[in-house]
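My questions will all concern the structure given below.
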Amino acid sequence: MTTRHPVVSTLPAIAFVTLVTTGEVIALCQGKQDYYRVQTQLKSEELNRLYGVTPSQARAMLAHFIRGRVSRTDD
């Protein structure tokens, strides 16, 4: 049986972040292990605001995504 961390259940379905290395905007979707490049003139903060995603939620989505990617490579 899989237990979900309480934070995961409060995360939005999608959040946007900017890659520091390239400056491109990507979308992180809850439950997905990959990210999606977003072709837009808007900044990630503007997209998150449009989708009702708070800065804290976007940071949590990024942390959750990174943790999932790291644990996959540890297997």
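Read the figures in this text as sums done on the coordinates, not as results from a lab. Treat the numbers as computed from the prediction; the structure is a model and nothing was measured.
How large is ³J(HN,Hα) for each residue in the stretch 26-35, as worked out from phi by the Karplus curve 6.51 cos²θ - 1.76 cosθ + 1.60 (θ = phi - 60°), to whole Hz, x for Gly and Pro?
Calculated HN-Hα couplings, in order: 10, 10, 10, 10, 4, x, 9, 9, 10, 10 Hz.
State the extension gain, in nm to one decimal, for the chain segment bounded by Lys43 and Ser56, taking 0.36 nm per residue of separation less the distance between their alpha-carbons.
Full extension of this stretch gives 3.1 nm more.
HN-Hα J couplings of the stretch 46-60 from phi, Karplus 6.51/-1.76/1.60, θ = phi - 60°, integer Hz, Gly and Pro as x?
Values, residue by residue: 5, 5, 4, 4, 4, 8, x, 9, 7, x, 5, 5, 5, 5, 5 Hz.
Above 18 angstrom, tally the Cα pairs of the stretch 11-74 and express them as a % of all pairs, no decimals.
Distances greater than 18 Å cover 30 percent of the Cα pairs.
Still on this structure, I have one more. Name the long-range amide H neighbours of Tyr35: under 5 Å, sequence gap of 5 or more, or other chain; modelled H, no Pro or chain starts.
Those qualifying (amide H under 5 Å, at least 5 residues apart or on another chain) number zero.
Taking amide H atoms as placed 1.01 Å from N in the peptide plane, list the residues 5 or more away in sequence, or in a different chain, whose amide H sits under 5 Å from that of Ile14.
Gln30
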